[in-house]
């Protein structure tokens, strides 16, 4: 089995500023303890054309895509979209590939939600590493939306992450912090 019941895929290219939002969210989510039925994957630019075609509708029931989406909002604003909300040709990557078409093929067998964030800047074809401040601040908001969709309590999971980080810091410094 390649993927589990719930797949969270971060799409985009970190070489083009805010286009790296999807992979940045996935990188942060790798620090969380998620249920066994959840797979997170940095889909890069190959998501729709390679990764999404590997999904088995007998196993995968929910696909959550995290990506930038220009919908005329303030940079860092987040929206939830369905495949039906994407007019043909409206959802493209930096190489002008239509990303909605592969999703159209699987939408009747897999529940698909797109978490779109309004970018501040996408520099393709020029390289620029790093997200804008607005998109850096949007990462926790996007994670909250994702956890809500998959039914995981955001507060509890963040508390565990903070405890794990504190333990790691205390262990690496050779001291134990008590309250």
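The values are calculated or read from the model by the stated rules, or taken from the named source; none is laboratory data. These figures come from a predicted structure and were not determined experimentally. Note that we place each Cβ from the backbone using ideal geometry, even for glycine, and neighbour counts take in every protein chain shown.
Results for (1) at pLDDT 75 or above; (2) assigned to a strand (DSSP E or B); (3) at positive phi; (4) surrounded by 17 or more Cβ atoms within 10 Å (Cβ to Cβ), shown as yes or no for each residue.
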| residue | (1), (2), (3), (4) |
| --- | --- |
| 80 | yes, yes, no, no |
| 84 | yes, no, no, no |
| 88 | no, no, no, no |
| 95 | no, no, no, no |
| 103 | yes, no, no, yes |
| 112 | yes, yes, no, yes |
| 115 | yes, yes, no, yes |
| 120 | yes, no, no, yes |
| 125 | yes, no, no, no |
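Could you tell me whether the stretch 158-170 includes any residue that is modelled with pLDDT under 70, within 20 Å of residue 64 (Cβ to Cβ) and part of a helix (DSSP H, G or I)?
yes
Please pick out the residue among 65, 26 that is at pLDDT 95 or above and surrounded by 15 or more Cβ atoms within 10 Å (Cβ to Cβ).
26
The conditions are (1) closer than 26 Å to residue 6 by Cα; (2) out of contact with any helix residue (DSSP H, G or I) (no Cβ under 7 Å at 6 or more places or on another chain); (3) surrounded by fewer than 18 Cβ atoms within 10 Å (Cβ to Cβ); (4) modelled with pLDDT of 70 or more, and residue 144 fails exactly one of them. Which is it?
(2)
Would you point out the residue of the stretch 29-59, among those that are part of a helix (DSSP H, G or I) and crowded, with 18+ Cβ neighbours inside 10 Å, that is modelled with the highest pLDDT?
Checking each candidate, the answer is 29.
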